[in-house]
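Colleague: Supplied in structure tokens, the structure appears directly below.
The values are calculated or read from the model by the stated rules, or taken from the named source; none is laboratory data. Because the structure is a prediction, the values reported are computed rather than measured. Neighbour counts are summed over all protein chains in view; Cβ atoms, including those assigned to glycine, are modelled from backbone coordinates with ideal geometry.
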Amino acid sequence: MYRGQSGMWAWLLHRVTGVAILLFLLVHIVDITILGFGPTVYNNALLVFSLPFVRVVSLGLIAAVLYHSFNGVRITLIDFWPKGAKYQQPMWIGVLLLTIVGFLAMGYYIMLPVFQGCPNHLCG
Amino acid sequence: MATATRVTEADRDTQTVTLTVRIKRTQPDEGIVGKWQEFRVEASPLDRFLDVLNKIKWTQDGTLTYRRSCAHGVCGSDAMRINGHNRLACKILVADLGTKISAEPMLGYPVIRDLVVDMDPFFAKYEKIKPYLINDEPPPATERLQSPAQRERYDQGTKCILCGACTGSCPSVWANREWVGPHSIVNAHRFIFDSRDRGASERLQILADRTGVWRCRTIFNCAEVCPRGIPVTELIEDVKRAIVYGSPDVPTD
């Protein structure tokens, strides 16, 4: 085990979230393919995303997407902004803060229907 | 992972502390590969870790093997993984390590014996980037003059002592030992950004290769461990930009 500094965790997290997003992409390809079976089948299939359990999984997806995109901007700045490498650590703290703020805001709307006892649009 | 107990300010000058030092031993002729051995050593908080290793070797186990030469942080011989970080044993004080200390050979290098790693591939990569002045123009009557700004441009790279701490801390090196590694790029930077040098395009071509700069994932472990304080990743990024933009941004005067 090597005890790296924050940049190592930033990189590792970027890799892990990248793989997680790729796995979701496969799920996404499957759900979009269902569109070929007509609107009724598609709408019913998509109800799976309203299940409380799947909503919790979606929280993970959101965290991964937010982190990966904000950190992607950080990496781009490190590469193209001459002072980027110097400020990588404060930028990483910024990435984490933006991720947390974005996660809380989006997570609220994802989980709200569960707490209201109406996880999908059919029960209303 | 060793839990470090801090030695207090009051202990520093007067007291000796009993250290528990765990060392990852490799003795190929004995068939020992990567086996932890524990030593208990009396040391002053102001001893350097190299002094502790010397005490073990001289009073407890003469077979303990490690490299050291100048013992003053200049030759770069005794880079090793101390408490999980690559450090020079001669530059780190016991007071900064706590009473439980672990020492391992650096990652990314073949281990020869105990804390000694094979540096041959490291130097082969270093030579690959042509670490010398390339300039076939007829020498001027005076020295090849430089402005302070031109000298400043490559200053960071001149500090490298080739200890290998950066390269041993780099996950890209652990994953691919063919990669030139941060040390080569730092030393390439030292000449690429030297206004007297004419070999920049030659070196940039070598570093634009698939085993060149692009395997740097900006992880920054190298910059953290450099015992000379070289901002290694910043220099690597300079070289990346020089490749992308076609030439290094060297001050003209």
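Colleague: Would you check if there is a residue in the stretch B:207-214 being over 19 Å from residue A:79 (Cβ atoms), modelled with pLDDT of 95 or more and hydrophobic (A, V, I, L, M, F, W, C)?
Modeller: No, that holds for no residue.
Colleague: Here's a follow-up. Here are some conditions: (1) surrounded by fewer than 19 Cβ atoms within 10 Å (Cβ to Cβ); (2) touching a Ser or Thr at 6+ places or on another chain (Cβ under 8 Å); (3) in a loop (DSSP other than H, G, I, E, B). Residue B:150 meets all but one. Which one does it not meet?
Modeller: (3)
Colleague: Here's another thing I want to ask about it. Within the stretch B:55-83, track down each residue that is closer than 13 Å to residue B:115 by Cα, more than 14 Å from chain A (Cβ to nearest Cβ) and touching a residue at least 12 places away in the same chain (Cβ under 8 Å).
Modeller: Taking the stretch B:55-83 first, the residues closer than 13 Å to residue B:115 by Cα are B:57, B:63-68, B:77-82.
Now restrict to residues that are more than 14 Å from chain A (Cβ to nearest Cβ): B:57, B:63-68, B:77-78.
Across the stretch B:55-83, the qualifying residues are B:63, B:64, B:65, B:66, B:67, B:68, B:77, B:78.
Colleague: Determine, yes or no, whether residue B:161 is assigned by TED's automatic domain parsing to the domain that holds residue B:132, in contact (Cβ under 8 Å) with a residue 24 or more places away in the chain, under 13 Å from the mean Cα position of the chain (by Cα) and within 24 Å of residue B:227 (Cβ to Cβ).
Modeller: Yes.
Colleague: Can we say residue B:73 is assigned to a loop (DSSP other than H, G, I, E, B), surrounded by fewer than 17 Cβ atoms within 10 Å (Cβ to Cβ) and either on the phi < 0 side of the Ramachandran plot or not polar (S, T, N, Q) (or both)?
Modeller: no
Colleague: A further question on this structure: Hey, any hits in the stretch B:61-68 for a residue that's surrounded by fewer than 23 Cβ atoms within 10 Å (Cβ to Cβ), basic (Lys, Arg) and outside the structural domain of residue B:204 (by TED's automatic domain parsing)?
Modeller: Yes, the stretch B:61-68 contains at least one residue that is surrounded by fewer than 23 Cβ atoms within 10 Å (Cβ to Cβ), basic (Lys, Arg) and outside the structural domain of residue B:204 (by TED's automatic domain parsing).
Yes/no per residue for (1) of a type in the set (Ser, Thr, Tyr); (2) within 14 Å of chain B (Cβ to nearest Cβ):
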position	(1), (2)
A:43	no, no
A:53	no, no
A:69	yes, no
A:78	no, yes
A:86	no, yes
A:92	no, yes
A:98	no, no
A:111	no, no
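Colleague: Counting only residues that are surrounded by fewer than 17 Cβ atoms within 10 Å (Cβ to Cβ) and of a type in the set (Gly, Ala, Ser), which one in the stretch B:202-253 is nearest to residue B:177 (Cα to Cα)?
Modeller: Among residues in the stretch B:202-253 that are surrounded by fewer than 17 Cβ atoms within 10 Å (Cβ to Cβ) and of a type in the set (Gly, Ala, Ser), the one nearest to residue B:177 (Cα to Cα) is B:208.
Colleague: Residues being surrounded by fewer than 17 Cβ atoms within 10 Å (Cβ to Cβ) and not in a helix (DSSP H, G or I): count how many of those fall in the stretch B:109-128.
Modeller: Looking only at that region, the number is 3.
Colleague: With a cut-off of at least 2 residues that are away from chain A (no Cβ under 14 Å), name the helices (runs of 4 or more DSSP H) lying wholly within the stretch B:195-253.
Modeller: Qualifying helices (runs of 4 or more DSSP H): B:200-207.
Colleague: Looking at A:24, A:49, which one is in contact with a Leu (Cβ under 8 Å, 6 or more places away or on another chain), surrounded by 13 or more Cβ atoms within 10 Å (Cβ to Cβ) and either more than 14 Å from chain B (Cβ to nearest Cβ) or under 25 Å from residue B:170 (Cβ atoms) (or both)?
Modeller: Within the list A:24, A:49, the selection yields A:24.
Colleague: When residue B:192 is evaluated against the numbered criteria (1) crowded, with 19+ Cβ neighbours inside 10 Å; (2) on the phi > 0 side of the Ramachandran plot; (3) in contact with a Lys or Arg (Cβ under 9 Å, 6 or more places away or on another chain); (4) not polar (S, T, N, Q), which criterion, by number, is the only one it fails?
Modeller: Going through (1) crowded, with 19+ Cβ neighbours inside 10 Å; (2) on the phi > 0 side of the Ramachandran plot; (3) in contact with a Lys or Arg (Cβ under 9 Å, 6 or more places away or on another chain); (4) not polar (S, T, N, Q) one by one, residue B:192 breaks only (2).
Colleague: Additional query: Which residue is nearest to residue B:189 (Cα to Cα), if the candidates are limited to the stretch B:84-108 and must be in a loop (DSSP other than H, G, I, E, B), within 13 Å of chain A (Cβ to nearest Cβ) and touching a strand residue (DSSP E or B) at 6+ places or on another chain (Cβ under 6 Å)?
Modeller: B:106
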